[in-house]
Amino acid sequence: MSIETLLYWVGVAAVAVNALTGVLDSARRQMDLIGALLVAVATALGGGTVRDLLLDRHVFWVVDQTYLAVALGTAVLTFFIARSCRVPPRLFLIPDAIGLALFTIVGTQVALQWHAPWLVASLMGVITGAIGGVLRDVLCNDVPLIFLQGELYASAAWAGALTMITLQEAGVAPVYASWAGMAIVLGLRLAAMHFRLVLPTLPQQRKG
Amino acid sequence: MSIETLLYWVGVAAVAVNALTGVLDSARRQMDLIGALLVAVATALGGGTVRDLLLDRHVFWVVDQTYLAVALGTAVLTFFIARSCRVPPRLFLIPDAIGLALFTIVGTQVALQWHAPWLVASLMGVITGAIGGVLRDVLCNDVPLIFLQGELYASAAWAGALTMITLQEAGVAPVYASWAGMAIVLGLRLAAMHFRLVLPTLPQQRKG
Amino acid sequence: MSIETLLYWVGVAAVAVNALTGVLDSARRQMDLIGALLVAVATALGGGTVRDLLLDRHVFWVVDQTYLAVALGTAVLTFFIARSCRVPPRLFLIPDAIGLALFTIVGTQVALQWHAPWLVASLMGVITGAIGGVLRDVLCNDVPLIFLQGELYASAAWAGALTMITLQEAGVAPVYASWAGMAIVLGLRLAAMHFRLVLPTLPQQRKG
C-alpha cells in the first residue's frame, strides 16, 4: 500500500470516528439533531481545517466533498443508534483515543510532505489530532480533555509524531513509520487512562 | 438588479445589523465602549471571515475597508442610542434573525460562485450566518443561541441555503432564489421563536 | 537600525515574553508540563497567526522555526524556574503589558507593509497584541483581561497603533514611530492598571 492511499483511508476513518464521538458527547447536553450534527462536523473536520489553514493549503473537506458526507452520514447513523440503545458512557473514550492516533499521524505526514520543518510538523500532528476534541468539549461546555491532568492527551500525540519523524529520518519507510506512530499514540493514551500516569506540574499560585 | 449588486448591499446590511446586535448583547455584561466595539466587530465580520479563510479567498473586510467602517459606525451609533433610551430586551432577537438570513444567503452564494460543491456551499451559508452570533455569545459568556433547543437557529439557515441551491439548480434566477432563501430562513426562525418548534434529541447520558 | 531588523527582534522578544506569561498563568490551573507548553505556544504565537491568516500571508512560525523554538525554550525555562522559586502573582501583569506593546506594533507594521488600509492595519495591531492573551485566558478558564472594565487593554493597543500610523503619515521614520507607539501602549496600560481608568459603559440590561 502506498503512503498516499494509507493516509487517505486513515483520514476518512478518523473523520468517521471523530464524528461519532461528537454525537455521543452532544447527547449529554440535550442538543437536538442539527446541534448534534454541527458538533459532529466540528469535531470531525476541525483539526484538519486548522492544519490546512496554518500550512496555507486548500482546506481538505472544501476540495473533496467526501469527508463532509462521511462526517454527516456517520453522525446521523450514530444519532439514531444512540436513541434506540443505551451506550455505556466510558465507551466514548476508546473511539476518541483512536481518532487522536489517526489524526495525529495524518496531520504530521501532511505537514512533512508540505516541507514544514520537523518541529513544526510534529506540532501540526498534535493540532490535527487534538483540536477536533477541544472544539467538541468547548461546544459541549466541558473542560477540554487535553488540559486535564493525568490524561497524557497531547503528550501521547506529540510522542507518536516525534517517533514517526525519527523513524523516517532513520530510513524506515513512511507506511511502517506511520503504523508505529499510531501504535505509540494509542498505547500511551490508553495506558494513561488505565494507570493514571502524570507529568510534573507547577505548584499552584494565584494572580493578585 | 444584478446578483453582484444584491449580494454587495445585502452583505453591507448584514454587517450593520450584526454589529447592532453585538452592542446590544454586550450591554448585559457591563462592557465599556471599546469592549462593545470589539464584540460588535467580531459579530459583524466573524462569519464571513471564517468563510473566506475556508474558501482560500481574500478576507472581505481586509480588501474593502467599507465593511469595517460600517461595523464601527453602526456600533458607536447603537452604543449612544442605547445609553439614552431603554431598549426592550426581546427586540434584540429580531435583528439577530435578519442578520442570520442575510449572511446565510450571501455566504452560500459566495461559495457557489467559488465553485464549492453544493453540500459544502450550504454549510458555508450556515457558517457565515451563525458564527458571528456564536462569537458574540461566547465573548459575552452566554450559551450560544445556535445550540439551544427549540430555537431552530442552524436548521433555519440550512433549510434556506438548501432551498436556494435547489431553486437555482431548477433554473430560477439567482436574485429570485436569494430572496426566496432569505424568506425561508427568516420565516422559520421567527416561527421557531413564536411556536417553540423542536427537533428530536438524544436521551440524556453522562460520561463515566 | 533598519525597520526590518527592529521588527524581527521585537517579534522574537514578544514571543518569548508571551510564552513566559502563558506558563505563569497555567500554574494557577494545575496544568502539567505539556499543558503549560501548549498554553505558552498558543499565547506566544496566537495573535500573529490570526493576523497572517487574515492578511493571507504565510504564517510566520511555520516558515521560520526560530519562533516556535524560542517559545518552547522560554516556556521550559520558565516552568522550571517557577517550580523552584515562588513568583509574586502581580509580576505576571508587567510582562503581559510588554508583550501587548511589542505585538501591537509588529502587527500594525506588518499589515501596513502588506498595504492594508489604515483602519484595517490598526485593528490588525490590536488583534496581534491581544489575541494571544485572550487564548491564554480562555484556555486557563479566566475571563479575558481584554474584556474586563477598567483595564484599558484593547484601548491602549488601539491608541498606540493609531499614534504610530499618524506619525508615519506625518513623515516620521518608521523606527521612531514604532518606539513611540510602543511607549504609548505600555504607558496607557500601566497607567490604567495603576489608576483604574474607566471608559463609559452601557446601563446594564437583560435579554427577555
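Annotations
- Enclosing the Cα atoms of the stretch B:3-195 in their convex hull gives a volume equal to 106 cubic angstrom per residue.
- Helix-derived mean residue ellipticity, 222 nm - over chain C, DSSP H n ≥ 4, -39500 (n - 2.57), to 500: -25000 deg cm²/dmol
- Given charges at beta-carbon only (K, R positive; D, E negative), |dipole| of the protein assembly as shown in Debye: 1960
- Furthest towards positive pole of dipole, A:CYS85, A:LEU53, A:MET124, structure part chain A, Cβ charges: A:CYS85
- Two-decimal log10 I(q)/I(0) for the stretch C:1-62, as the Debye equation yields it once each C-alpha is a single scatterer, q = 0.16, 0.25, 0.29 Å⁻¹: -0.58, -1.00, -1.12
- Inter-copy label distances at A:THR66, using a point 7 Å along Cα-to-Cβ, come to 4.1, 4.1 nm with the shortest given first.
- Kirkwood hydrodynamic radius (C-alpha pairs) into Stokes-Einstein, the protein assembly as shown, 25 °C and 0.890 mPa s, D in µm²/s: 98
- Position C:PHE195: other-copy label points at 5.9, 5.9 nm, ordered by increasing distance, label point 7 Å along Cα→C-beta.
- The coefficient of translational diffusion for the stretch C:27-89, derived via Stokes-Einstein from the alpha carbon Kirkwood radius under 37 °C and 0.692 mPa s, stands at 254 µm²/s.
- C/A buried area, accessible surface, summed, 1.4 Å probe, Å²: 3200
- log₁₀ of I(q)/I(0) at q = 0.25, 0.27, 0.28, 0.32 Å⁻¹ - the stretch A:100-141, Debye sum with one point per alpha carbon: -0.72, -0.78, -0.82, -0.95
- For the peptides A:7-17, B:121-131, residues were scored by their other Cβ atoms within 10 Å and the scores averaged per peptide; the highest-first order is B:121-131, A:7-17.
- Closest-to-axis residue of chain C (Cβ criterion, axis taking C to B), whole Å: C:LEU53, 3
- Counting every alpha-carbon pair across the stretch C:154-198, the share separated by more than 18 Å comes to 28%.
- Rounded to the nearest 20, the size of the Cβ-charge dipole of chain A about its Cα centre is 660 debye, with Lys and Arg at +1 and Asp and Glu at -1.
- Shortest-first nm distances, B:GLY171 label point to equivalent points in other copies (7 Å, Cα→Cβ): 6.8, 6.8
- For the protein assembly as shown, the fraction of 1.4 Å probe accessible surface lying on carbon and sulfur atoms is 68 percent.
- Relative contact order %, the stretch C:3-195, counting alpha carbon pairs below 8 Å whose residues are six or more apart: 24
The values are calculated or read from the model by the stated rules, or taken from the named source; none is laboratory data. Please read all numbers here as calculations on a predicted model, not as lab measurements. Note that each Cβ is placed from the backbone with ideal geometry, even for glycine, and that neighbours are counted across all protein chains shown. Please note that ligands, DNA and RNA were not included when accessible areas were found on the heavy atoms of the full protein model with its side chains. Shrake-Rupley method; radii C 1.70, N 1.55, O 1.52, S 1.80 Å.
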